[in-house]
Amino acid sequence: MRFMPQTESDVAAMLETIGAKHLDDLIAHVPASLRASATINLERGRSEADVVREISALAARNTGASGFLSFLGAGYYRHYVPAAVRAVIARAEFATSYTPYQAEASQGTTQAIFEFQTLITQLTAMEVANASMYDGASAAAEAVLMARRSMPKRPVVALSRALWPEYRATIRTYLSALDELDIVEVPFDDATGATDLSALDRIANDRLLCMVTGYPNALGVIEPLGAIAQMTHRAGGLAISATAEGIALGLLRAPGELGVDIAVGEGQSFGLPLQFGGPGVGFMAARLTHLRQMPGRLVGQTRDRDGRRAFCLTLNTREQHIRRERATSNICTNHSLCALAATVYLSLMGRAGLRELAERNVELAHQAAAVLEAAGIRRRFSGPFFNEFTLKLANPSSALEAAERRQILAGVALGNDYPELSDGLLVSVTEMNRGDEFSRLAAAIAEVR
């Protein structure tokens with residue numbers, strides 16, 4: 001870790017800002033017994049090399065997750081990252097997250113963003129995509145704001161209850177200052193796990209601004225996105241899809257082909273390791289009709305005065321930097337290094353490779369579900385799924401604990417985010433899993449089911 005010194009006055013100012021009296025207040029929620037045992041006693045005056053050596057020895061005693069089988073997903077996914085991705089993004093000229101404001105001096109970075117946009121439009125079957133967003137959740141929130149700018153007199157924002165909890169929470173946060181908007185959650189069908197179309201039909205009227213749907217959703221189910229888009233359009237609203245598992249777009253029908261107006265999502269699966277949950281890279285694509293309402297910026301291709309191919313910031317309105325609350329968006333940087341990783345990854349995979357990988361994910365996930373069902377552990381929902389599915393268990397927390405004792409991270413209990421699914425365990429399977437692991441998972445869960 002880099003050494004970043006703060007003076008006593010720096011620390012005091014930061015504590016005052018967050019309303020804390022002492023640094024210990026920041027970890028007061030940790031049980032006292034754990035805090036006491038975690039104390040590291042180092043003699044004063046030791047050299048930096050000695051301190052690093054001792055701390056490294058202590059860290060080496062930690063039990064890592066590398067020896068565990070993992071079936072974790074829930075919005076971030078474990079996929080293999082080709083060595084070529086790391087090699088390219090490690091180049092010094094790409095190590096920045098900033099937009100190249102002087103595009104003529106940053107043609108390499110600008111072209112990388114242009115290629116990212118192009119790949120996103122191909123994945124989503126949309127007409128235009130912008131530069132990278134922060135993550136899938138903020139991209140979804142920006143899409144709702146984009147819809148509001150297009151149709152400011154419609155007050156109802158509909159969110160599928162099966163949309164990722166983090167996405168719904170982020171949208172609520174973004175809209176919290178807009179009193180004129182009402183957020184309505186559309187329930188999911190208890191049998192299929194997909195959005196309840198009859199419930200959507202009841203609110204699909206001239207007050208509906210947009211409908212935001214997970215594709216696949218947070219329960220692992222592939223939504224009937226085409227039908228949802230049709231119902232939303234009949235009411236005059238905009239259909240927004242949010243895809244947390246980007247690999248799914250290698251196999252599923254593209255959102256644009258199903259009538260979606262704005263397609264957003266998370267590109268972490270495209271060459272970005274999990275890294276303790278971030279950073280990710282959001283994406284946004286839309287119909288050309290909505291181009292002027294898109295947040296961030298858009299890189300375009302042109303010709304210079306000598307007729308050579310060149311890249312420029314086609315849409316990068318100054319209002320984003322100087323108009324503050326009246327701006328189209330307050331996004332002034334983009335995750336261009338992460339977008340570059342996604343671009344390299346998708347270019348290496350190609351259309352056929354991405355489809356083959358998606359098919360492999362589906363094959364393994366369904367194989368895992370079959371092994372679990374043979375052991376008497378059934379799926380909670382009957383809807384079609386990609387590489388993630390929900391199990392029905394009497395006590396998911398106990399199942400997770402039992403699996404962890406066998407060095408298996410069995411999934412994510414849904415009860416915290418979905419009290420109505422206290423019996424639900426979300427399991428994710430990717431190409432990083434092997435067939436012989438599924439029987440181990442089944443045995444661990446069956447111990448307490």
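A few comments on the model shown:
- Accessible surface computed residue by residue for the chain, with neighbouring protein chains in place and a 1.4 Å probe, gives 50 Å² per residue.
- Residue order by solvent-accessible surface for R172, R434 is R434, R172, largest first, with ligands and nucleic acids left out and a 1.4 Å probe.
- Cβ-Cβ distance of L288 and H29, R₀ of 51 Å, FRET efficiency by 1/(1 + (r/R0)^6): the value works out to about 0.55.
- Rounded FRET efficiency, nearest 0.05, which uses the C-beta distance separating Q6 from E257 and R0 of 56 Å: 0.60
- Taking only the C-alpha atoms of segment 155-230, Rg followed by Dmax gives 12.0, 36 Å.
- Over all other residues within a Cβ to Cβ distance under 15 Å of L414, the charged ones net out to -1, with Lys and Arg as +1 and Asp and Glu as -1.
- Taking every protein chain into account, the 1.4 Å probe leaves T243 with about 0 Å² of accessible area, to the nearest ten.
- Peptides 306-314, 185-193, 37-45 ordered by average Cβ neighbours within 10 Å, highest first: 185-193, 306-314, 37-45
- For S160, solvent-accessible area (1.4 Å; no DNA, RNA or ligand), Å²: 0
- When the surface is traced with a 1.4 Å probe over the full set of protein chains, E420 keeps roughly 90 Å² accessible.
- Fraction of accessible area attributable to carbon and sulfur, segment 7-50 (%, probe 1.4 Å): 56
- Relative contact order [Cα under 8 Å, 6+ residues apart], the chain, whole percent: 21
- Overall, segment 373-449 carries a charge dipole of about 200 debye about its Cα centre when +1 sits on the Cβ of Lys and Arg and -1 on the Cβ of Asp and Glu, all other atoms neutral.
- Total formal charge among the other residues, if their Cβ is under 15 angstrom from that of E359, Lys/Arg +1 and Asp/Glu -1: 0
- For the chain, with +1 on Lys and Arg beta carbons and -1 on Asp and Glu, the positive-most of N416, I222, A352 along the dipole: A352
- Ordering T173, A310, A87 by Cα displacement along the dipole of the chain toward the positive end leaves A310 in first place; charges were set at the Cβ atoms of Lys, Arg (+1) and Asp, Glu (-1).
- The residue among T195, G383, A143 whose Cα reaches farthest toward the positive pole of the charge dipole of the chain, with charges on the beta-carbon of Lys, Arg, Asp and Glu, is A143.
- Placing E127, E48 in order of accessible area, with the largest value first and a 1.4 Å probe, yields E48, E127.
- Computing FRET efficiency as 1/(1 + (r/R0)^6) for Q122 and S398, where r is the C-beta to C-beta distance and R0 is 41 Å, gives about 0.35.
- Considering only segment 97-223, percent of DSSP beta bridges that pair antiparallel, nearest 5: 10
- Accessible surface ranking that places the most exposed of L426, L357 first, with a 1.4 angstrom probe: L357, L426
- Between the C-alpha center of segment 284-318 and that of segment 142-190 there is a gap of 28 Å.
- Across segment 1-57 the C-alpha pair distances fall into 10 Å bins from zero in the proportions 17, 33, 43, 7 percent.
- Those residues of segment 113-133 whose amide nitrogen sits under 16 Å from the label point placed on A84, 7 Å along Cα→Cβ: 116
- Using only alpha-carbon positions in segment 325-383, the gyration tensor eigenvalues give semi-axes of 38, 21, 9 Å once each is multiplied by 5 and square-rooted (largest first).
- When Rg and the Kirkwood radius Rh are both evaluated on Cα atoms of the chain, their ratio Rg/Rh stands at 0.99.
- Summing Cβ point charges (Lys, Arg +1; Asp, Glu -1) relative to the Cα centre of the chain gives a dipole of roughly 780 debye.
- Of all DSSP beta bridges in the chain, antiparallel share, percent nearest 5: 55
- Separation of alpha-carbon centers, segment 1-63 and segment 330-376, rounded to whole Å: 38
- Gyration tensor verdict on segment 379-421 (Cα atoms; rounded if a/c is under 1.5, prolate if a/b is larger than b/c, oblate otherwise): oblate
- Carbon-plus-sulfur accessible fraction, segment 209-293 (probe radius 1.4 Å, protein heavy atoms only): 57%.
- Accessible surface of segment 134-182 [probe 1.4 Å, protein heavy atoms]: carbon and sulfur percent: 52
- P255 sits among other residues whose Cβ lies under 13 Å from its own Cβ, and their net charge, with Lys and Arg +1 and Asp and Glu -1, is -2.
The values are calculated or read from the model by the stated rules, or taken from the named source; none is laboratory data. Every value quoted in this text rests on a predicted model; they were computed, and no experiment measured them. Cβ: placed from backbone, ideal geometry, glycine included. Neighbour counts: every protein chain shown. What goes into the accessible areas is simple: the full protein's heavy atoms, side chains included, and nothing from ligands, DNA or RNA. Shrake-Rupley method; radii C 1.70, N 1.55, O 1.52, S 1.80 Å.
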